[in-house]
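Please treat every number below as a calculation from the coordinates, not as lab data. As the structure is a computational prediction, the values presented were derived from the model and not from experiment. Don't worry about glycine lacking a Cβ; one is built from the backbone with ideal geometry, like all the others, and counts go over all protein chains shown.
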Amino acid sequence: MKTAPLRGHRPALEGPGFLARADLQVLIDLLREDGRRVIGPTVEDGAIVFDEITSLDDLPRGVGDEQAPGRYRLRRRGDEQLFGYVVGPTAWKKWTFPALVPLTRATKDGHKVEFTPEATDAQRLAFLGARACDLAALGVHDTVFTGSEFVDPDYLARRAQVFIVAVQCTTAASTCFCTSMSTGPEVESGYDVLLTELDGGFLVEVDSGAGRELRDRLPLRPATSAEQYGAAATVAAVRARIGDPVPAAGLQDRLLAQLDHPRWAQVAERCITCGNCTLACPTCFCTTLTQVTDLVGSDAVTSRSWDSCFSPGFAKVAGGSFRSRPRDRYRQWLTHKFGTWWDQFGQSGCVGCGRCITWCPVGIDVRDELNAIAPAVPLVPETPIVEPVAATPNDFVTARVVASRQETADTTTLTLTGIDPAFAKGNTGQFAMVALPGFPPLPISISRFLPDGIELTIRGAGPATKAMCALQVGEQLGLRGPLGNNWPLDRAVGRDLVIVTGGIGLAPLRPVLHAIVADRRRFGDVKLFYGARTPADLLYRDELERWGTRDGIEVSLTVDRAGPDWTGRVGIVTHLFDQAAWDGANMIAFVCGPERMMQATATTLAGRGVTASRIHVTLERHMECGIGLCGHCQMGKYFVCRDGPVFSIGQLGDIFGREGI
Amino acid sequence: MASHAPVAARPRVGVVKFASCDGCQLTLLDLEDELLSVVDHFEIVDFPEASSTRSAGPYDVLFVEGSVSEPAHLERIVELRRRTRTLVTIGACATAGGIQALRNWGDHDAFRSGVYAHPEFIHSLARSTPIAEHVTVDAELRGCPIDPGQLVELLTALTTGRRPQLRDEAVCMECKRLGVVCVMVSKGIPCLGQVTQTGCGAICPRFGRGCYGCFGPREQANAAGLTRHLQMAGDRPREEVGRLFAGFTAYSEPFRSMVTELGGVRTGRTGPAGDTTTTTGGKA
């Protein structure tokens, strides 16, 4: 390890550090020494609000929260956690976008009038305890207030002086839906320092120069692997607990197509139009101007204060209001937040924090309204939920080959029907255990989902796979599945996606490309970097052509050895990828290939700002049962078949690519 | 109404009361910082709470406190309106009928004979009603009592000739701007803030209490929606919910309908008295 001694003795950390819980006081003190007011969570009036923090004792030690539509209660957790709850009634906008801001002073002296801008009282602040949804909300405000040619100077002055100590969520409320809005629960960017609370202290990571400087002044020791795994697993459990309450695919269009839905009138019977949802919302930004004058109006201050589209006067002009009925105002709010916000700002106006649900006095749940007004259109035909009948290792369901296509000299794609109906619920990246009598069953990635079948792309590398490749139309084989987890395609919504793979590695990613093409507008730039040994070894050549020319995917190909007909690139795919121009700030990566290749790719991605939790790989291991019972595929604390095969680099930590694991 | 000719001198201001406790008038006297400036800009010609000087008008601005509650009030308010250019009602009594309007759901004769030894000397109407039920009102300041900030805003608007900036929005908006934690969500305390017009600075929630609606219903107040929620989600008996609305502004719609529907006033009656304004009306 390189040493860069600070304060004479402590070597600088390279990876995540560990901070003892009591030493969080040091962090607070350092921020205050730097001239910052530290704003963080504290218990006040029966809730965890954000307010000025000077000591560790101000934080809600051992306090948890219970949230439901229209209901918030604190409870004792029975532990010492300082961040064992989720977001409360306060949003950080209270400091970056205060409720009342004086804008202009106007004076009148005889016939002379004068207008003077009021000075902003922006201060150096540190936000302690911002969650993933909070950071996403600040990002939304950044776009709204500074993302166009018209910049709000007050916001800019305040926002520029904020140092962010983010905290990973280690718990979820019933009202959370960041997963659906692709904003959390994982904190991925937009912070200076990131804490994950563990027993006894915090895993500490940094994502900025200022964050690194602060880290180097903290009493840290390197975090152990167990601590790193523990942190990742805790956040992963939060994701699992939240689920996907509001399927976001196509939500904008679905919602805007329902302007005449009868539900608008029904929800307006319940809605009090009090405006609490909008002021609790961390992204709502509407304001109104008021004048405060002396008795004769010769000295007047115009101020901006939070307003709400739910108030009757909000859309009033002489003669009446443009949204006179409560149903109009509810519809305005919901369609803006989840629909037209995309058109105006290129992102969702909702970050899934759930504040509007908890703090609605009458408990209207925006998730229920969205699902009722704009129900999700299933990507596969609606079928009853079916568990794989052949989940157990001794039970295979037969499938029939209806087509066999030779992709390359050694690789064949089989189209199968008559399969277990469970495959209809399958997802990109999953696999099947495939068996022929007399041969050991093998895990094979599903390379295409069809309404009544699947495709498997198999490279004839050994006797079993060669026998599978040789199957003729009408012959049968045994299937169990679908098994394993999937590519987190929902996390790629609204982001750029890069897919890096080689050879047969394209097979498990092919359903991802199908899903993207089917719903292209949900995603930003999509790049596919694909390499093969020779031009003849490229899989799915027709589709590659179509994706690149018609379907809006940037396809880059390379081969190790070119023939005379090849006019494209030669070299390994990581080089191709290295040299391309791309920006990782808003990128999710899916990588499939040999582990050395995936490691090299991950390093390149990290160098361009794609954090470890946004890089996903699919792992190959010896699998026999496919459900975590046989033990063959164990990798650290994971069974690759059951917990994977798709993992983020952050999840894997330093076991990824390590020899002998 | 008189013509709106420009006022050359200081506007002549009167302050009068009907059935009320005088608390709103006191708010005017309590404007300590602004009081001298108010006197500089307005000529106070009639203000019994402050001065023995009397005037019979005319008034450029007349502040009217209190509800119409006696037979003599009926003629007096009409007469005052004739002598006034801008008539401003102040407080829950003048704008909504006040707490005394709870008798509108009761048996007026029974009240009189139950309370007074000689009810024949008591000249009161069966219903206590807001000023606007009798004459045209130009502006109103809500609340029990009125808010000094809103009063200054109204005075300022009168001197500068602009529309007073009295927000028509829920009390909740002020709670949220001030960072007050919602008492209904966090403590289960029933609160009328959602259906009540703002202006008080959310004073009750700031001290951990539910709003009891003294500023009266705001525009399009969904009192029925709140009632359904409190009854169903809050599991509260209907009379308890009815009593929430049976306060200082109970006689303003839609609070009035809620009180009638839910039985928030314990009188044995099922509804407010009829429209009669005689002393004998309103038998159950």
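Structure notes:
- Span-rule helices in chain B, defined as complete DSSP H runs reaching 15 Å or more along the axis (Cα) with Kyte mean at least -0.5: B:148-160
- Distance (nanometres) between label positions extended 7 Å along Cα→Cβ at A:Asp79 and B:Glu49: 5.8
- Peptide A:266-277, shielding by other chains (average Cβ, 10 Å cutoff): 6
- Mean residue ellipticity at 222 nm, helices only, chain B: -9000 deg cm²/dmol; runs of at least 4 DSSP H residues each add -39,500 (n - 2.57), and the sum is divided by the number of residues.
- Global geometry of the protein assembly as shown, whether rounded, prolate or oblate, following the gyration tensor of its Cα atoms and the 1.5 cut on a/c: prolate
- The range A:131-252 shape via C-alpha gyration tensor axes, a/c threshold 1.5: oblate
- Summarising the overall dimensions of the range B:171-262 from its C-alpha atoms, the Rg and Dmax are 12.1, 35 angstrom.
- Within the range A:139-175, backbone nitrogen closer than 12 Å to the virtual label 7 Å beyond the Cα of A:Arg212 toward Cβ: none
- The range A:165-188 and the range A:101-122 have their alpha-carbon centroids 42 Å apart.
- One chain, two ends: A:Ser305 and A:Asp490. Fully extended at 0.36 nm per residue, the span grows by 63.0 nm beyond their Cα-Cα distance.
- Each of B:Arg209, B:Arg103 was scored by other Cβ atoms within 10 Å of its Cβ. Arranged with the fewest first, they read B:Arg209, B:Arg103.
- Over the C-alpha atoms of the range A:251-373, the Rg to Rh ratio, Rh being the Kirkwood estimate, stands at 1.03.
- If you wrap the range A:516-661 in the convex hull of its Cα atoms and look at it from every side, the mean projected area works out to 10.2 nm².
- For the range A:548-661, with +1 on Lys and Arg beta carbons and -1 on Asp and Glu, the positive-most of A:Thr604, A:Ile615, A:Leu652 along the dipole: A:Leu652
- Shape analysis of the range B:12-160 places it in the prolate category; the axes a ≥ b ≥ c from the Cα gyration tensor give an a/c of at least 1.5, with a/b above b/c.
- Charges were assigned to the Cβ only: +1 to each Lys and Arg, -1 to each Asp and Glu. The resulting dipole of the range A:397-483 about its Cα centre is roughly 80 debye.
- Counting every other Cβ atom within 10 Å of each residue's Cβ, A:Cys309, B:Cys204 order from fewest to most as A:Cys309, B:Cys204.
- Note on A:Lys112: no lysines have a C-alpha under 23 Å away, same-chain residues under 8 apart excluded.
- Once the C-beta distance of A:Ala237 and A:Val292 is scaled by a Förster radius of 60 Å, the resulting FRET efficiency is 0.75 to the nearest 0.05.
- With each label modelled as a point 7 angstrom along the Cα→C-beta vector, the A:Ala119-A:Val570 pair spans 6.9 nm.
- Options B:Thr86, B:Gly149, B:Ala96, ranked by Cα towards positive dipole end of chain B, top entry (Cβ charges): B:Ala96
- Anchor B:Lys176: lysines whose Cα lies under 26 Å away (excluding residues fewer than 8 positions away in-chain): A:Lys93, A:Lys94, A:Lys316, A:Lys337, B:Lys187
- Signed unit charges on C-beta, dipole axis of the range A:446-562, positive-most listed residue A:Leu539, A:Gly552, A:Trp487: A:Trp487
- Fraction of antiparallel bridges per DSSP, the protein assembly as shown only, in percent to nearest 5: 65
- Modelled spin-label separation between A:Arg608 and B:Ala117, with each label point placed 7 Å from Cα along the Cα-to-Cβ direction: 9.8 nm.
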